[in-house]
1. Just the residues that are in contact with a Phe, Trp or Tyr (Cβ under 8 Å, 6 or more places away or on another chain) and hydrophobic (A, V, I, L, M, F, W, C), please, taken from the stretch 101-118.
2. In this structure, is PHE57 touching a Phe, Trp or Tyr at 6+ places or on another chain (Cβ under 8 Å), aromatic (Phe, Trp, Tyr) and part of a helix (DSSP H, G or I)?
3. Given VAL34, VAL10, which one is outside any loop (DSSP other than H, G, I, E, B), modelled with pLDDT under 85 and surrounded by fewer than 16 Cβ atoms within 10 Å (Cβ to Cβ)?
4. Give the number of residues within the stretch 127-143 that are part of a helix (DSSP H, G or I) and either aromatic (Phe, Trp, Tyr) or at pLDDT below 70 (or both).
5. Give the number of residues within the stretch 52-106 that are within 17 Å of THR121 (Cβ to Cβ), aliphatic (A, V, I, L, M) and in contact (Cβ under 8 Å) with a residue 60 or more places away in the chain.
Amino acid sequence: MNKVLFFRFVVFLVLVSSVFSLSSAHAVEYLPIVQCGRISPDAPPAQGVPCTSCDFFKMVKNTIDLMLYMVTPAIATALFIYAGFMMLLSGANPSLYSGAKNIFTNTVYAVIIILTAWLITNTFIQTFGPANIADNWWNFQCPAGLP
């Protein structure tokens, strides 16, 4: 299978999986990613919720959560399905089978790298961000008096 066909297939699977996941996206707390500066329901029409220094760290955390919980599983699942089909259809073609094994292993390595990056980034945010009063280290809450 050539690389152009592979790329088109992966793009198609990502688009299809993102369309089906949009219906559940409204229930998560990290969307919209930037949660300040927009009009709140309680404010007059000309006023928005003011942004603070804490909102930058919250925006970074929301972006990471979006990538970790929605984008990474969708792409990894699409690649696993594609590699599985390649293995099933390889038959007596050892090059197709080895290509499918490479996709499997590279996808596993990519997920491990992404989860490790999440661990490093969250540790960085919790270390250098404002004082955290959350019960769990991966939850980020701003203190009430932070400008």
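1. ILE103, PHE104
2. Yes: the conditions hold for PHE57.
3. Details: VAL34 fails: outside any loop (DSSP other than H, G, I, E, B).
So the residue among VAL34, VAL10 that is outside any loop (DSSP other than H, G, I, E, B), modelled with pLDDT under 85 and surrounded by fewer than 16 Cβ atoms within 10 Å (Cβ to Cβ) is VAL10.
4. To start, the set of residues in the stretch 127-143 that are part of a helix (DSSP H, G or I) comprises 127-128.
Going one step further and asking which of them are either aromatic (Phe, Trp, Tyr) or at pLDDT below 70 (or both), we end up with 128.
Total meeting the criteria: 1.
5. So the count comes out to 1.
Every residue, every condition in (1) within 30 Å of LYS3 (Cα to Cα); (2) modelled with pLDDT of 85 or more; (3) among the polar types (S, T, N, Q), yes or no:
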position: GLY48; (1), (2), (3): no, no, no
position: PHE56; (1), (2), (3): no, no, no
position: LYS61; (1), (2), (3): no, no, no
position: ALA76; (1), (2), (3): yes, yes, no
position: ALA83; (1), (2), (3): yes, yes, no
position: MET87; (1), (2), (3): yes, yes, no
position: ASN93; (1), (2), (3): yes, yes, yes
position: TYR97; (1), (2), (3): yes, yes, no
position: ILE113; (1), (2), (3): yes, yes, no
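The values are calculated or read from the model by the stated rules, or taken from the named source; none is laboratory data. Quantities reported herein were computed from a predicted structural model and do not represent experimental measurements. Heads up, the Cβs are rebuilt from the backbone with ideal geometry, glycines too, and the neighbour counts pull from every protein chain shown.
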